[in-house]
1. When you check GLU129 against the structure, is it surrounded by fewer than 24 Cβ atoms within 10 Å (Cβ to Cβ), under 22 Å from MET56 (Cβ atoms) and not aliphatic (A, V, I, L, M), yes or no?
2. Against the conditions (1) in contact with a Lys or Arg (Cβ under 9 Å, 6 or more places away or on another chain); (2) more than 26 Å from LEU258 (Cα to Cα), where does ASN146 fall short? Just the number, please.
3. Hey, among ARG131, ARG122, which residue is in contact with a Cys (Cβ under 9 Å, 6 or more places away or on another chain) and of a type in the set (D, E, K, R)?
4. Step by step: first the residues of the stretch 82-111, then only those that are under 16 Å from the mean Cα position of the chain (by Cα) and in a strand (DSSP E or B), then the one that is surrounded by the most Cβ atoms within 10 Å (Cβ to Cβ). Which residue is that?
5. Determine, yes or no, whether LYS302 is within 30 Å of LYS109 (Cβ to Cβ), open to solvent by 90 Å² or more (accessible area, probe 1.4 Å) and at pLDDT below 95.
6. Exactly one of (1) in a loop (DSSP other than H, G, I, E, B); (2) touching an Asp or Glu at 6+ places or on another chain (Cβ under 9 Å); (3) of a type outside the set (Val, Ile, Thr) is unmet by TYR169. Its number?
7. Quick one: in the stretch 258-299, of everything that is of a type in the set (A, V, I, L, M, F, W, C) and under 15 Å from HIS119 (Cβ atoms), which residue is surrounded by the most Cβ atoms within 10 Å (Cβ to Cβ)?
8. Which of the residues that make up the stretch 112-126 are within 30 Å of LYS86 (Cβ to Cβ) and either surrounded by 14 or more Cβ atoms within 10 Å (Cβ to Cβ) or within 19 Å of the chain's Cα centre (by Cα) (or both)?
Amino acid sequence: MNFAIVGCGFIAKKHARAIEDIQGAQLVAVCDKEPKAMEYYTEVYGAAPFVELSEMLEREEIDIVCICTPSGLHAPLAEEAAKAGKHIILEKPMAMNLKETDQIIYACKEHNVKLAVVHPNRFRPAVQELRRILDQGLLGKISHVNATVNWNRNQEYYDQAPWRGTKQYDGGVLMNQAIHTLDLLLWFMGQPEQIFSMEATRLREIEAEDVSTGLIRFESGAIGVVETSTTVYQSNFEESITIFGEKGTVKIGGPNALYFECLTVEGMSEKETEEILDKVKADPWGKPGHQCIMENMLKAIKEDLEPAVTGEDGRAALGLVLAFYESAARNEPIYLKPVKVCM
């Protein structure tokens, strides 16, 4: 199938490499308001360049559009692509508010196109193993969970573009970095019921937050602690999820949540534990997540299935971020209702 990319910044190169590595997939077009930004893709991949999205969408051979622009621009671009009958792979977060997110989901359903949201961490080997353990109920009743993203994004990172760190187009650590971990938290733990959060902008000269901490009570009764920042000195320190259950404790950690730092499960033999640990150590990243999402999209189109990471999944992660923001702004707990897409 033929892919097109809208927005030719840093993340677009991951999409292009993933497309190149998929048999039967081809990058045929790119779109950006800056012609110079498209030169790499035309020279390396032979993609046709377009300054206007409407003109690119007229190309009948395009099957799937990857939207890689700043987050605050996603909604109108996704709606336009859906109306043109193109399937959509949308970078996170889906939008900067739930109204625009719902508009995207509705447009895709109305025009009968598939929508996949880029939360690639779900496909990491350690994450897949932890999901399997949870699906089998091996940890029993969950007591509580910790999710941590303590990373470094220095001032030079934010100074790369005027939209970085803004509330309108980018957001802070929760919206831009930790949203992947929050997606995993929801994937593992289910619907949150109550949120309380504090945030601050301590070290970076940006509009949004560079540090945030929060508490979650899930519908199951389990409690979660979330700690995130981009203020860590010099380099990424930790990305981790730890789940404490009545029959086991599991922690995926390291600077990028790739390895089991703890895998203690009742009834799991020493041999089985070592086999899982060795399997993850041998290939901690696994197949690139962007490639997994794209391959899954191709399967979803061919077999008329829902993508592995749906628009509703993307909305849930965004909704959790926005609940943290609301709680911090009001300095009080937020009580959440089950998610419903507003059409």
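1. Taking the combined requirement at face value, the residue does not satisfy it.
2. Every condition holds for ASN146 apart from (2).
3. Working: ARG131 fails: in contact with a Cys (Cβ under 9 Å, 6 or more places away or on another chain).
Exactly one residue qualifies, and that residue is ARG122.
4. By that ranking, first place goes to LEU90.
5. Values: within 30 Å of LYS109 (Cβ to Cβ): yes; open to solvent by 90 Å² or more (accessible area, probe 1.4 Å): yes; at pLDDT below 95: no.
No: the conditions fail for LYS302.
6. So the condition that TYR169 fails would be (2).
7. Of the residues in the stretch 258-299, the ones of a type in the set (A, V, I, L, M, F, W, C) are 258, 260, 262-263, 265, 268, 276-277, 280, 282, 285, 292-294, 297-298.
If we keep only those that are under 15 Å from HIS119 (Cβ atoms) too, we end up with 292-294, 297.
Working: CYS292: 18, ILE293: 23, MET294: 25, MET297: 27.
Step by step, filter the stretch 258-299, then rank; the result is MET297.
8. Step one: filter the stretch 112-126 for residues within 30 Å of LYS86 (Cβ to Cβ), giving 112-124.
Passing the criteria: VAL113, LYS114, LEU115, ALA116, VAL117, VAL118, HIS119, PRO120, ASN121, ARG122, PHE123, ARG124.
The values are calculated or read from the model by the stated rules, or taken from the named source; none is laboratory data. From a predicted model like this one, the values you see are computed outputs, not experimental measurements. Because the Cβ atoms are built from the backbone with ideal geometry, glycine has one as well, and the counts that use them run over all protein chains shown. For accessibility, only protein heavy atoms count, side chains too; no ligands or nucleic acids. Shrake-Rupley method; radii C 1.70, N 1.55, O 1.52, S 1.80 Å.
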